[in-house]
Amino acid sequence: MSSREAIGSRLVLPLGCGVVALLVLAVVAASAAGSPIRAGAPELSDLPSALFLAAVACAFVVYVLALVVLLRRRCGLAVVCAIAAAIQLAPLAGPLLLSRDVYAYWAYGRIAEDHEANPYTAAPARFAADPAVRAMANGWRSTDSVYGPIFTTASAELAETTGGSAETNAFVYRLLAAAGMLVLVAVAAAAAPRPAFAAAFVGWNPLLALNFAGGGHNDVWTVVFLVGALALAARGRASLSGASWALAAGLKWAPLALLPLSLLARRREALRTAVSFALATGLIAAGAFALFGTAWLTALLPFAHRHAAYAIPSRLTGLGLPAWLALVPLLVAVPWLVRSARRGRPRLGVASILMLCASPWVLPWYAVWVVPLAAVEEDGLAWVLALAVSAYLLPDRVPL
């Protein structure tokens, strides 16, 4: 480590430790008796929620301050990654937080593995006595699987190995999500022109820590393959990059919307990337057809029928304005994004943020779709917007 990096590390280290300490305080508040932050717990007192949100908000402020320092000072990548690991693993010490999606993953896996049914045609409500169905949120029990065939197959394998304990299954998904965040930090650092800054931008974000190690959501692995595709493309590995895009889409389809911009930005390798993507997608689709028939194609449908309170269209509707206004920034920006991509700068961070703002279905863990893509680009606008999105989503799902 150079002397400049040593000075930067001495400045950043206390800020990173501050994020860890505040995150631990938030986890302690979530673990308190009567805390409604535990997924599925009754609301007995507002005090744990208020303390939780105050600690997370303070952690976020310290996180932003650390990013400002890292823009001005060089810091050792190993130091940043070590603090990122502490931040991303800290919520594992607490309970399942804010969402019961992990039980839906478990339920769809058990439908395929234990009940030998097709999770794309058999809704969990058909198996009302199943422990996973009893544990999952009521609002999803009548919904067929909305996840890609790769994830559905993986969840079936997990259901076979993790048994019938809700707590065990929830912790396994949380552990996998936390591991995914650590991989994402490493991949983002590998893909970015500022490795230490990118690692902190992703790994020190308290919202991501609470929703992945705390909530166990599967989105992180989709983004691992997405950012991995960008890192491979930057190193001239176009064929592997195309395969990584296909794996990301096999978990959730959303990355497909960003692929055209990426191909435009790298026209020399675009053919190899596209061919590799098509071949890998064909193999994934063949396996999906063999396992699930044509029903898995329904996972490609958007959530147009669902609306989240924090989604911009919902906010506009609440103000008496038409929801379609949320599409205007994206539509206006499309020609600019295409021109930028043709010049070699895809601006996937800004594109993903505009797509998220136009979506009627936005949840706090969807920040993982924008934060890493902003982190790996030299794009101040994307950095500011990604931080704004994270701050905006911070109080979502916290019962007050």
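Amide H contacts for Arg194 (H built 1.01 Å from N in the peptide plane; partners 5 or more residues away or on another chain; cut-off under 5 Å): none found. With contacts taken as Cα pairs under 8 Å at a separation of at least 6 residues, the chain carries a relative contact order of 17 percent.
May I ask for log10 I(q)/I(0) of segment 203-256 at q = 0.21, 0.23, 0.26 Å⁻¹, from a Debye sum over the Cα atoms as equal point scatterers with solvent left out? Summing over Cα pairs of segment 203-256 leads to -0.75, -0.82, -0.91. Simple point charges give the picture: +1 on the Cβ of Lys and Arg, -1 on the Cβ of Asp and Glu, and for the chain a dipole about the Cα centre of about 1500 debye. For the chain, taking Cα atoms only, Rg and Dmax work out to 20.8, 64 Å respectively. With the simple model of a label 7 Å out from the Cα in the direction of the Cβ, Arg235 to Arg306 spans 3.5 nm. For the pair segment 200-220 and segment 89-120, the centres of their Cα atoms are 17 angstrom apart.
What does the helix-only formula give at 222 nm for the chain: each DSSP H stretch with n ≥ 4 adding -39500 (n - 2.57), the total divided by the residues, and the result rounded to the nearest 500 deg cm²/dmol? Walk me through the numbers before you get to the answer.
Working: 18 runs with 257 residues, N = 400.
Rounded to the nearest 500, it is -21000 deg cm²/dmol.
At 1.4 Å probe size, put Trp296, Trp253, Trp106, Trp140 in order of accessible surface, largest to smallest.
Correct descending sequence by accessible area is Trp253, Trp140, Trp296, Trp106.
Helix screen, the chain: DSSP H segments with Cα axial length of 27 Å or more and mean Kyte-Doolittle hydropathy at least 1.0 are 3-31, 47-72, 166-191, 267-292. Counting only Cβ charges, +1 for Lys and Arg and -1 for Asp and Glu, the dipole size of segment 218-333 around its Cα centre is about 300 debye. Residues Ser314, Ser35 ordered from highest to lowest accessible area at a 1.4 Å probe: Ser314, Ser35. Between Leu97 and Ala39, Gly215, the built amide H atoms are under 5 Å apart, and every one of these is 5 or more places off in sequence or on another chain.
Just to confirm a number: summing +1 for Lys and Arg and -1 for Asp and Glu over residues other than Thr162 whose beta-carbon lies under 11 angstrom from that of Thr162, what do you get? Provide the component values of the computation, followed by the final result.
Values: positive: Arg110; negative: Glu113, Glu157, Glu160, Glu167.
Charge balance in the 11 Å sphere: -3.
Between Asn138, Asn169, Ala125, the Cα set farthest toward the positive side of the dipole of segment 124-181 (charges on each charged residue's Cβ, about the Cα centre) is that of Asn138. Heavy-atom accessible surface of the chain, averaged per residue, reaches 41 Å², computed with a 1.4 Å probe.
The values are calculated or read from the model by the stated rules, or taken from the named source; none is laboratory data. Everything numeric in this text was worked out from a predicted model, so none of it was measured. For neighbour counting, all protein chains shown are included, and Cβ atoms are generated from backbone atoms with ideal geometry for every residue, glycine included. Heads up: the accessible areas ignore ligands, DNA and RNA and are worked out on the full protein's heavy atoms, side chains in. Shrake-Rupley method; radii C 1.70, N 1.55, O 1.52, S 1.80 Å.
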